[in-house]
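The values are calculated or read from the model by the stated rules, or taken from the named source; none is laboratory data. It should be emphasised that the depicted structure is a prediction, and the values quoted were computed from it without experimental measurement. Here the Cβ is made from the backbone with ideal geometry for all residues, glycine too, and neighbour counts use every protein chain on show.
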Amino acid sequence: MKEYLPVLKRTKMFAGVGEEDIFPMLSCLGARLRTFKKGEYVLRQGEHLSDIVVLAEGSLHIQKDDYWGNRSILGQIGAGEIFGEAYAAPDSGALLNDVIAVENSAVLFFDVKRVITTCSSACRFHTMVVQNLFFAISEKNRSLVQKLDYISRRTTREKLISYLSEEAKKQNSANITIPFNRQQLADYLSVDRSAMSNELCKMRDEGLLKFQRNRFELL
């Protein structure tokens, strides 16, 4: 797991903790490393989770398929991001969504009980990790509220404008790259792909934006 220490140092969970201090904490926190190939399930709907999970390498999607196979992408997870925290409470129930690797990925699982309970050896930075985890959960909740804002818009154009505008703010640029292809973006915004593609072309023709694959320029 040593090769992932630079990534862990950049995570919100280990903010303020040096690489030399993170490695001895991995055993204390019950860390386990698993690798997944593109297309494999990291977690499945209906499973019970007792871990805080950190993506060390790769990319994941949180998604859900209905009975007829229609897919909704609820979120994208990049390297260094935390997930699974919504199920950390003992009575939180089974997973409501699937988590799938969209490229070859390495995932670290941390025993939630060992994370939130100060260990007998009194790790120097353990309290800081618990505090960081609380802040990370707060930020994740904000992201979910933002996602609700996107999909609550009435039209496909309004959803696209809301999402692309927020990405431009995050990236501090009118030239942005998004983590989705066309189908994934349609699934994320809960719209029909053809209708979305048509709307993007209309917006381009009206001089609102330019795009090529997953790169956009807002005009």
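So the values come out like this:
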read-out	value
Which numbered condition LEU49 misses (of (1) aliphatic (A, V, I, L, M); (2) in contact (Cβ under 8 Å) with a residue 40 or more places away in the chain; (3) out of contact with any strand residue (DSSP E or B) (no Cβ under 9 Å at 6 or more places or on another chain))	(3)
Qualifying strands (runs of 3 or more DSSP E) (wholly inside segment 1-107; at least 2 residues being at pLDDT below 90)	51-57, 59-65, 71-78
Restricting segment 119-139 to residues that are touching an Asp or Glu at 6+ places or on another chain (Cβ under 8 Å) and either aliphatic (A, V, I, L, M) or modelled with pLDDT of 75 or more (or both), the residue that is surrounded by the most Cβ atoms within 10 Å (Cβ to Cβ)	LEU133
